Structures are given as C-alpha cells and as structure tokens.
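Peer 1: Following this message is one structure expressed as structure tokens.
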Amino acid sequence: MTDSAAVLPPVAAEVAAGALDLLPARLRKRVDGAVAKAAGWPVEAARDGVLVRVAEDTAVTLRVTSGIVAGPDDAVCSCLLAPACLHRAAVLSVAPLAVREQEETEVEPAGRVGEPSAPAPAIADESALSPAQATALDALRDAVTAVLVAGVSGSGAVHRAELLHAAHSARLAGLHRPAGTAVRIARLLGEARSDDPAFRLSGLSGELAELLDLVRRPAAALSPARRDYRPEGPLRLYGLFTEPVVTASGYAGATVYALAPDGTLRTLSDVAPGGPDRALQASGTPVPGGCALGLRELGDGGGVILTAPTVSADGRIGGGGAVRSVRAAGAGWREAPLAALWERPPAGQLASALGWLSEPADSRTAGGDLLFLDGVVTGAGFAVAAGPTLRLAAPDERPELPYAENLSLLTSRRGLALRLIARVVPDRPDRVQVLAASWTGHDGEPVRADLGLRLLNRSHIPAVPAVPAVPAGLTGAMEGGAPPALPIELDLLRRTVDRAVAGGRAVSAASADGELPRRLRAVGLTTGARRVEALTDAAADRRHDVLGRLLPADPGGFALAWLATAVYVSAATESLLLAAWTPPDISAN
C-alpha cells in the first residue's frame, strides 16, 4: 500500500480547504473515511505533477507549479461529480500543506526552586481592528476552540478545513502571525491523523496555546509578518555546522549555520519539496555568489565573504543576482571566533534558549535554541562541564538520517570528551538533541561531524584509555550525577494538558485525576492545583437553566481554562528546568 502523504506534492492551504467547501452536506459527513482510504491510493508520476489512481476508471491529477499545487484548477478528478467529489477532496486533504515564506515559521522544600507566580492568559488589549480583521479574528477563535474541544481524535478534515479557511481570511486581513500559527496547527493535525512518526503532541499543545493567546490580544495579532529579505553590506561568515531538513509537510534540504563577526548566527538553506534523500543532495548546493563552495563544505569549517547579500530579519541569507561570494579562511570550534560560543555557562545558554522559544515562531532569530556544550561521556550520560548530566537524543529518528546510529556510537565510549552543538528540549530536562559533535581523533587532531549527514564508524572514534585524559576544565564533569528530572506531579499536570489536546473536552472530563490537586499542593505547587481544578470544572461543566433543562456547553470557558493551565505548566517547567541546570553555589557553604 502506497503512503500518499510521502509522495504527494504540497498543496496550498486555501486549495485544500476549498475542496471541502464544494462538497454537499451528505458527502462532508463521509470525508474522513475517504481521507483514510486516500492514504492508500497509488500515486504515479505524470506530466507537470502526479496522478492518483482511485479506481480503474477514476483518477485525480495534481498539477505542480513551483513545487506546489497552487490553485483549485490544478487538482482535477475524472469522475462525473468532479470537482465536488470526495476523491478530489480526500486527495487534497491527505497531501502535505505547502509552506509559505512567512510561516517558516509559595515556599518550596529545601533545594527546590520557588513556584512561579500565577501566570494567566493575557487580557485582550485595546487595539484598533478593522471590521474585516475583527471578523477574521473571531473566525480563528471559533476554529481553534472547536479543534481543542474535539481534540486530535475528534478533529477531522472538516475541522482542519475550517481552520485553514479562517487562516486564509486572517492573512487577507493582514493578521499574518495568527494566520501562520493556524496553518501550522492544521499541518500538525494532518501529521497526527496520519500517524506521522515526526508528530509531537507537545508541539501541537504549544501551537494551540499560542493561537488562543493571540486571538485574545489584538496588538500581538496585528504585529507585522516577518520582514522580507533586505540588502546588506559585505558579510564575513565562519561555518559552524550543517543540518539536514526533512519536514512532514513534504519539504527537505539542508541548512548551514554560520557565525558573523558581530557574534550573530546566520543561515543559508536549500529546502524544497522532496524526501529525506534530498537532504544529502542539497548539502552540496553552492553558496550563492559563484565561489564554488558547497553548503556542507562551509559548515565543515569553511569560510566565505558575501558582497551585497540579502538577509531576512531572522538571519536567513538569500540569493539574488547582485550577490557575490569568495572563499575565506574558516575556523575550528576551538578557535576564534567560534570558540566564544562555548564560553557561556550552560545555565545562561538554557535561559536564552527558553526565552527564544517563548517568542512567536515568526519573530525568532536563527539558532536561538542552540546550546554549545562541553562534557564527557559517563556511565550516567553526558556530564556537562559546569552543568548537569544529560542524555543525548536524536533530533530526527528517521532511518534515512544517521543521528541515532552516530549517537549510539559516541555514547558507547565512556570517558570520551566531546564538544557538542545541541538543541534544548523544553519539556524534557534530562536531555538535549545533538546536531553536531567534535572530539580528538586517533592522531590527536580534532574531528568534526554533522551527525545528521555523516555516518560514523568505530574507526572515527579513538579508544578511550582506562584513565581518560580529560581536558582541563572538564575534570569535575566526570563526577556528574544522574540526569535532572522534574517533579512527577508537574509531569502529570503536563500530561493532563496534552491529554486534553489529544482527546478533547470529553476525555478531559472523563479522565480527570481527583488526586492530582492534592499532590500538587503537597509539593508546594498550589497555583498548579488551582489550574487543574479549574480545567476539570470547565471540562465537566453542564449547567441547567431554572427549569432544569441542560444548557449548551461553554467551549470558550473550556478553552480559557486549558490555556491558563498550559501557560502555567510552561512557566513552571521553565523555572524548574533552569534550577536543575544551575550548579550549586559552593561559596555559600
């Protein structure tokens, strides 16, 4: 059985949503079943696109322009009911969504950090909205609330289409930030419904919380979209590493991170529709400007000078006819200016990364979630110098990318000193996702590897002596203890938030843990106890009128209670995570 989502081209969000609008009511009720069948319909290459075989005498043809199905006329079914047919709607619903440029985007027990003050969703502020913007914002609020109330398990193609419609209207009204968030939610719902291994429930929870917060704050909703690429003067870059990019929305390629002389990170990318095999191919794409330096070569210690480049507000470098480039000397990770990235204390880096993650997705600068860590492989994990002991995790577990195999090899050599580039995992304090690593090879020279692009073998890793020669400054790291862990009560509260997203209001009411508030209070998390009680009450609230008749459920009240709980969990997790990464103050003893 062919997995259509893996080979179908990306489809513009408004095209996918519009296909369901054409269906009569009797067919809209059957669309989720048709979508499930469409995932197994065989797909063939065709002129200017693909052909999906529904039956011997029925096929849906998708025409591709610039890598995507851009308009409704680019999706044609051969059946007599077309275009108002289930075949066309199902194929467009199961296809990945195209990515637009602007979317790439109390007292505690001793030894415990204090609980954060009670966070609450921001109150809607006074901002002038046009009638079209107010209507679009209301539609977004209704659509995202409906998704939360239904949960992933109950959100079908119709919920997704309504969300995409609301996003399209918001974009036309100039509400680019909430529109982009809504499209990301729709994309994640598609991943969840197709059992995509890349789907993370916590990621969907975060996007839902962001959109629910945005629709309550017109000033934030009105904030402009990310600025376009703008010309910049000559730019000197020192290559840092190259990351393969494979998305569930049908895009793949490579991104190289590089350091500018002012200490900011810049990125150059080649990402286009395709699968995992395209990542390695794209890593050889030349740097813009004609210097014949590939992206991967730049990331592997190369250097370049760009004249007249275009740079976006988040640090991405574009091409253009005016840009020119010449090779320049690069730098090792232990040489200036790159070495300075590893000089900041791990706890300070974590605080910056968590602050970056709290910003809207379309306003984050390149590499703000990266951590630069030194440490040693121990029996308990990876002991970070001046930091905690952590587990090293793969950013992507697709078998086509060698992350997991490489990390298994590196962590098998106890005593091996490593310099890493990793990403924070905000809801897992015991681990980081490792992107690139450096260590001392057999000949005493540094080895540098992009773990998602280069498959290592045992010959790349030197045998570590019984008493390893640990570099200066890392000796204490060898004594690291077990990886940090959040209180089990906070983890249970986080699971309550995610369970509401997975199953919706009905599941939240049916699976409420009456003991959780007491347990939260017992460890001093009294605000968390109040939040979970409010969420439980909102989920189960079915009031009656004066005549005893059951009143309609209040979806807005449930969404607000869930948002308040999600915001609290995020703030509490951040506070406790920072405490777990902060080394004790020895001078105080």
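Peer 1: Filtering the range 159-204 down to residues that are of a type in the set (S, T, Y) and closer than 21 Å to D427 by Cβ, which residue is modelled with the lowest pLDDT?
Peer 2: Here is the first cut: in the range 159-204, the ones of a type in the set (S, T, Y) are 169, 181, 194, 202.
Next cut, closer than 21 Å to D427 by Cβ only: 181, 202.
Values: T181: 91, S202: 88.
Going through the qualifying residues, I end up with S202.
Table: residues versus (1) modelled with pLDDT of 95 or more; (2) open to solvent by less than 50 Å² (accessible area, probe 1.4 Å); (3) in contact with a Gly (Cβ under 9 Å, 6 or more places away or on another chain).
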residue	(1), (2), (3)
T310	no, yes, yes
G315	no, yes, yes
E335	yes, no, no
L338	yes, yes, yes
E343	yes, no, no
A347	no, yes, yes
G355	no, yes, yes
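Peer 1: If you scan the range 36-70, which residues turn out to be among the β-branched types (V, I, T) and within 31 Å of the chain's Cα centre (by Cα)? Step through it out loud before you land on a result.
Peer 2: Here is the first cut: in the range 36-70, the residues among the β-branched types (V, I, T) are 43, 50, 52, 54, 58, 60-61, 64-65, 68-69.
Result: V43, V50, V52, V64, T65, I68, V69.
Peer 1: Would you be able to say whether some residue in the range 13-23 is open to solvent by 70 Å² or more (accessible area, probe 1.4 Å) and over 20 Å from V158 (Cβ atoms)? Break it down into steps so the answer makes sense when it comes.
Peer 2: Step one: of the range 13-23, the residues open to solvent by 70 Å² or more (accessible area, probe 1.4 Å) are 21-22.
Cutting the leftovers down to over 20 Å from V158 (Cβ atoms) gives us none.
No: the range 13-23 contains no residue that is open to solvent by 70 Å² or more (accessible area, probe 1.4 Å) and over 20 Å from V158 (Cβ atoms).
Peer 1: Filter the range 50-76 down to the residues that are open to solvent by less than 50 Å² (accessible area, probe 1.4 Å) and among the hydroxyl-bearing types (S, T, Y) and list them by number.
Peer 2: Result: T58, single match.
Peer 1: Next question, about the same structure. Find all pairs meeting these conditions: Cβ atoms under 6 angstrom apart; at least six residues apart or on different chains; first residue within the range 273-295 and surrounded by fewer than 21 Cβ atoms within 10 Å (Cβ to Cβ); second residue in a helix (DSSP H, G or I).
Peer 2: Matching pairs, first to second residue: T285/L295.
Peer 1: Looking at G332, G320, G355, G303, which one is over 28 Å from the mean Cα position of the chain (by Cα), of a type outside the set (A, V, I, L, M) and under 30 Å from H176 (Cβ atoms)?
Peer 2: Testing whether each residue is over 28 Å from the mean Cα position of the chain (by Cα), of a type outside the set (A, V, I, L, M) and under 30 Å from H176 (Cβ atoms) leaves just G320.
Peer 1: Would you say A198 is small (G, A, S), under 14 Å from the mean Cα position of the chain (by Cα) and under 25 Å from R494 (Cβ atoms)?
Peer 2: yes
Peer 1: Just to verify a result, which residue in the range 17-69, among those that are touching a strand residue (DSSP E or B) at 6+ places or on another chain (Cβ under 6 Å) and β-branched (V, I, T), is nearest to R187 (Cα to Cα)?
Peer 2: Only one residue tops the list, namely V69.
Peer 1: Further question: Among (1) open to solvent by 30 Å² or more (accessible area, probe 1.4 Å); (2) within 23 Å of L350 (Cα to Cα), there is one condition G452 misses while meeting the rest; what is its number?
Peer 2: Exception for G452: condition (1).
Peer 1: Something else: How many residues are among the basic types (K, R) and surrounded by 15 or more Cβ atoms within 10 Å (Cβ to Cβ) when one looks only at the range 24-36? Can you show your working first?
Peer 2: Restricting attention to the range 24-36, the residues satisfying the condition of being among the basic types (K, R) are 26, 28-30.
Right, trim to surrounded by 15 or more Cβ atoms within 10 Å (Cβ to Cβ) and you get 28.
Number satisfying all stated conditions: 1.
Peer 1: Going by the conditions given, is L373 under 22 Å from P429 (Cα atoms) and outside any helix (DSSP H, G or I)?
Peer 2: yes
Peer 1: It is to be established whether one or more residues within the range 285-303 are touching a helix residue (DSSP H, G or I) at 6+ places or on another chain (Cβ under 7 Å) and over 24 Å from A331 (Cβ atoms).
Peer 2: Among the residues of the range 285-303, not one is touching a helix residue (DSSP H, G or I) at 6+ places or on another chain (Cβ under 7 Å) and over 24 Å from A331 (Cβ atoms), which makes the answer no.
Peer 1: Sticking with this one: Taking strands (runs of 3 or more DSSP E) that fall entirely within the range 263-351, which contain at least 2 residues that are under 30 Å from P426 (Cα atoms) and among the charged types (D, E, K, R)? Please lay out each step first, then the result.
Peer 2: On the way: elements: 265-273, 303-307, 324-328.
Filter on the range 263-351 gives 265-273.
Peer 1: Only one of L525, L535, L560 is open to solvent by 50 Å² or more (accessible area, probe 1.4 Å), of a type in the set (A, V, I, L, M, F, W, C) and modelled with pLDDT of 80 or more. Can you tell me which? Outline the logic, then answer.
Peer 2: Numbers: L525 fails: open to solvent by 50 Å² or more (accessible area, probe 1.4 Å); L535 fails: open to solvent by 50 Å² or more (accessible area, probe 1.4 Å).
Only one candidate qualifies: L560.
Peer 1: Would it be correct to say that A192 is surrounded by fewer than 22 Cβ atoms within 10 Å (Cβ to Cβ) and among the hydrophobic types (A, V, I, L, M, F, W, C)? Explain how you work it out, then say what you get.
Peer 2: Details: surrounded by fewer than 22 Cβ atoms within 10 Å (Cβ to Cβ): yes; among the hydrophobic types (A, V, I, L, M, F, W, C): yes.
It is true that A192 is surrounded by fewer than 22 Cβ atoms within 10 Å (Cβ to Cβ) and among the hydrophobic types (A, V, I, L, M, F, W, C).
The values are calculated or read from the model by the stated rules, or taken from the named source; none is laboratory data. Nothing here was measured: the structure is a model prediction, and the numbers come from that model. Glycine also receives a Cβ, built like all others from the backbone with ideal geometry; neighbour counts cover every protein chain displayed. Note: areas computed on protein heavy atoms with side chains; ligands, DNA, RNA excluded. Shrake-Rupley method; radii C 1.70, N 1.55, O 1.52, S 1.80 Å.
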